[in-house]
Amino acid sequence: MQLETYVEELQRQLAAAAAAGTDETRETAERLSAALDAAARLMLIEALGAAASEITTELTPGSVDLRLRGRDPEFVVTQAPEWSESAPPAQAAPPVAPAAVEGEESSTTRTTLRLPDELKSRVEAAAAHAGVSVNTWLVRTIASALDAGASRTLAQEIRQEVNKRVTGWVR
């Protein structure tokens, strides 16, 4: 998807609005037009990323990812693997619903995660096996891990402490 046409139209609209003003207004609009390019691209990419995230929520277990190729964004759609009732996949796991989080449901935060190459390959393979994007797989896995940790009861924690034994001689 080329953003150039949208950015140029925004610049044309700014110039048209400034044309009704004085020479100073037109010069100011012309200077702002150059700075508008980067800001407009960033806002368009943010809007497209939010749209991809919202669509992914509705497509579960499929996903839509937004990738940048040079200066232009590109959508990558991953559909859930097809299977029939007569021949389900060998190890099909039920889709995990995304965990509810506090705050707005549609808000997301971009985070950079550095993984060792071997672990990254394993994550990619697990995501491919589940038929979802790496991002979707990571979000679900993290949510499951946090939910599992929160479900431990006080009794379980006390039992673990009691079962810790130390043997040996003390002098």
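The values are calculated or read from the model by the stated rules, or taken from the named source; none is laboratory data. Please read all numbers here as calculations on a predicted model, not as lab measurements. Neighbour counts run over all protein chains shown; Cβ positions are idealised from the backbone, glycine included. For the accessible areas, the whole protein counts, side chains as well, though only heavy atoms, and no ligand, DNA or RNA atoms are used. Shrake-Rupley method; radii C 1.70, N 1.55, O 1.52, S 1.80 Å.
Amide H contacts of residue 62: 80, each under 5 Å away and 5 or more positions distant or on a separate chain (H built 1.01 Å from N in the peptide plane; Pro and chain starts excluded). When each of the peptides 29-42, 12-25 is scored by how many other beta carbons lie within 10 Å of its residues on average, the order from highest to lowest is 29-42, 12-25.
For the set 76, 123, 134, solvent exposure ranked by accessible area (probe 1.4 Å, protein chains only) runs largest to smallest as 134, 76, 123.
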